[in-house]
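S.K.: The structure's right below; bear with me while I get my questions together.
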Amino acid sequence: MIPPEFDYHAAGSVDEAIGLLTGNPGEAKVLAGGQSLIPLMKLRLASPKVLVDISRIADLSYIQEKGDWLVIGAATKVNDLNDSKLVGSSYPLLADAAAHIADPLVRNMGTVGGNVCHGDPGNDLPACMVALGAQYVVRGPKGNRTVPASDFYQDTFVTALDPSEILTEVQIPKAQPGTGGAYLKMERKVGDFAIAAVAVQLSVDAKGTVTRAGIALTNVGPTVLNAPKAAASLLKKKPSDADLLAAGKLAAEAAQPTSDLRGPADFKRGVVQTLTQRAATLAWSRAGGQR
Amino acid sequence: MASTAIPRLTSPLPIKGAARRIHVTINEVDFDMAVEDRTLLVHFLRDVLGLTGTHIGCDTTHCGACTVLLDGKPVKSCTVLAVQVDGRKIRTVEGLETGGKLHPVQDGFAAEHGLQCGFCTPGMMMTAVALLAKNPNPSEDEIRRAISGNLCRCTGYMNIVKAIQHAAKTQGGKS
Ligand SMILES: Cc1cc2nc3c(=O)[nH]c(=O)nc-3n(C[C@H](O)[C@H](O)[C@H](O)COP(=O)(O)OP(=O)(O)OC[C@H]3O[C@@H](n4cnc5c(N)ncnc54)[C@H](O)[C@@H]3O)c2cc1C
Ligand code: FES
Ligand code: FES
């Protein structure tokens, strides 16, 4: 399958890329790793007339701590998260997810920016970003703006991004002592999108009492789903088994799964409940909580 | 690299739409050619350059039969545009043998019977080459994770794992 005809441009800078997007309204699309966009174009599910390749922009690929944030450039490859010592040692939620996104070959091309911008409810990084309380730096013709990940996702393939805007950086609150997270994904086989997956990020005080909680769900709704009630149910607690079960039930209530090839809706709700219990248990112990 | 097939001089893919010249190094040979923007890397390799060792299995980014190394990293060439590799280095299965001598990974697949129909083999070997360059002594678990994007419908993977272990051993822990 050969994609329909288009004009390819390798942008040298973010501003040049924005110029190309504004100059071709409604016809241009950003090309990052191409691991979602090229398959869609081959199947004629997308046929942009102009592709603006941002993967050659030199300063869009980095993972580093800066001030209060872990900042990740949009063109950073997903496999760079797997290779990063910093992510491996301090950001277990991201490390868990990055190891289970697609397969190693796709991860060598696919980018962090593409994963969070694509808007497929099956993408794994959006739930991580929502649970972590991350924000996105977005640049357009009028300059930069910052959008919290929890406000970014509106519907399947619909995000807060304007067609003339480019996401340049993901900003994640810097890991502190007493924070920890976990991402658990049930998939049919390597390289498949999740049947369901759950991201949990917790902060605990010296006694192991939860002081902040974020829980978000992958592929059980039209878009990534935030589960604030499940998260709030863990606050001010040293979660007991009963508390974890209650949080799992609240997460399952927040899920909006549909029956499809990956299983019936009720089954997926059950998966969300169990994965939430387990991910919260793991996140709590990674944050330093002890029974 | 002497073993690289000699490129055809004219492209059998008619260029209709937008096109540009790309400069790309394939198996250490430099090419400077016009390609249509929408040409996929796998078609550029197979149909323009005649390097048919890289296979097309699924054409939907699922099987890994089309795996080539892009700047040393394994990627699915059915899901990369030829224009995206302008200025970069590609290695295909044709680039493994040097001066009539098989690459240790090729030797490993022969010695351990790492293939049956052979359709997945070029992609599987390219992934193995990249793995051993990064991790000369991988554990079985690391091998299985590394090849998890390359599907084989024949072998059950046992002998593929052994083939890669064989290669690691003959390379003596060197890449
Ligand atoms: C077989 C297979 C299995 C997969 N399994 C999974 C999985 O399990 N989990 C998962 O999360 N993903 C999975 N994916 C998707 C993969 O991770 C993609 O790489 C990712 O969704 C998109 O990243 P990309 O860089 O390839 O983006 P592209 O395909 O280049 O772009 C995707 C979309 O995002 C837009 N975009 C990209 N970057 C930006 C930016 N910086 N600013 C604005 N817009 C931008 C593009 O215009 C396009 O609309 C799978 C893909 C394949 C082929
Ligand atoms: S042919 Fe490219 S992944 Fe199957
Ligand atoms: S040997 Fe036949 S697919 Fe692998």
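S.K.: Out of all the residues in the range A:109-146, which are buried (at least 16 other Cβ atoms within 10 Å of the Cβ) and over 14 Å from the mean Cα position of the chain (by Cα)?
M.R.: Those that are buried (at least 16 other Cβ atoms within 10 Å of the Cβ) and over 14 Å from the mean Cα position of the chain (by Cα): A:M109, A:V137, A:V138, A:R139, A:G140.
S.K.: Could you pull out every one of the strands (runs of 3 or more DSSP E) wholly within the range A:41-92 that has 2 or more residues that are within 11 Å of chain B (Cβ to nearest Cβ)?
M.R.: A:50-53
S.K.: Now for a different question. Need pairs with beta-carbon distance below 9 Å; first residue touching a residue at least 60 places away in the same chain (Cβ under 8 Å) and within the range B:144-168, second within 16 Å of ligand 1 (Cβ to nearest atom) and of a type in the set (A, V, I, L, M); sequence gap 6+ or separate chains.
M.R.: B:G149/A:A102; B:G149/A:L105; B:G149/A:V106; B:G149/A:V190; B:N150/A:L105; B:N150/B:A65; B:L151/B:A65
S.K.: Just the residues that are within 15 Å of ligand 3 (Cβ to nearest atom), within 12 Å of B:T79 (Cα to Cα) and of a type outside the set (G, A, S), please, taken from the range B:48-66.
M.R.: Result: B:I56, B:C58, B:H62, B:C63, B:C66.
S.K.: Got a number for residues in the range A:1-30 being in a helix (DSSP H, G or I) and touching a Gly at 6+ places or on another chain (Cβ under 9 Å)?
M.R.: Qualifying residue count, the range A:1-30: 3.
S.K.: For the range A:122-160, what are the residues that are under 19 Å from A:T111 (Cα atoms) and free of Cβ contacts under 8 Å to residues at least 12 places away in the same chain?
M.R.: The answer is none; no residue qualifies.
S.K.: Taking the range B:109-136 on its own, how many of its residues are in a helix (DSSP H, G or I) and within 16 Å of ligand 2 (Cβ to nearest atom)?
M.R.: Summing the residues that are in a helix (DSSP H, G or I) and within 16 Å of ligand 2 (Cβ to nearest atom) in the range B:109-136 gives 8.
S.K.: Related question: Could you list all residues from the range B:54-80 that are within 14 Å of ligand 1 (Cβ to nearest atom) and either hydroxyl-bearing (S, T, Y) or more than 7 Å from every other protein chain (Cβ to nearest Cβ) (or both)?
M.R.: B:G57, B:C58, B:T60, B:T61, B:C63, B:A65, B:C66, B:T67, B:L70, B:S77, B:C78, B:T79
S.K.: Restricting to the range A:1-30, name every residue that is closer than 15 Å to A:G140 by Cα and within 14 Å of another protein chain (Cβ to nearest Cβ).
M.R.: If the condition is that a residue be closer than 15 Å to A:G140 by Cα and within 14 Å of another protein chain (Cβ to nearest Cβ), then A:A11, A:L20, A:N24, A:A28, A:K29, A:V30 are the ones that fit.
S.K.: Go through A:L45, A:L70 for me and flag whichever is of a type in the set (A, V, I, L, M, F, W, C), away from ligand 2 (no atom under 16 Å from the Cβ) and in contact with a strand residue (DSSP E or B) (Cβ under 8 Å, 6 or more places away or on another chain).
M.R.: Of the residues listed, the single one that is of a type in the set (A, V, I, L, M, F, W, C), away from ligand 2 (no atom under 16 Å from the Cβ) and in contact with a strand residue (DSSP E or B) (Cβ under 8 Å, 6 or more places away or on another chain) is A:L70.
S.K.: Can you work out which of the residues in the range A:31-40 that are facing another protein chain (nearest Cβ under 8 Å) and assigned to a helix (DSSP H, G or I) is nearest to B:G17 (Cα to Cα)?
M.R.: Selected residue: A:I38.
S.K.: Kindly indicate whether B:T39 is modelled with pLDDT of 95 or more and within 16 Å of ligand 2 (Cβ to nearest atom).
M.R.: Against the criterion (modelled with pLDDT of 95 or more and within 16 Å of ligand 2 (Cβ to nearest atom)), B:T39 qualifies.
S.K.: From the list A:A74, A:A102, which residue is of a type in the set (A, V, I, L, M, F, W, C) and over 16 Å from A:V138 (Cα atoms)?
M.R.: Exactly one of A:A74, A:A102 is of a type in the set (A, V, I, L, M, F, W, C) and over 16 Å from A:V138 (Cα atoms), namely A:A102.
The values are calculated or read from the model by the stated rules, or taken from the named source; none is laboratory data. Note that the structure is predicted; figures quoted are calculated from it, not measured. Note: ideal-geometry Cβ built from the backbone for every residue, glycine included; neighbour counts use all protein chains shown.
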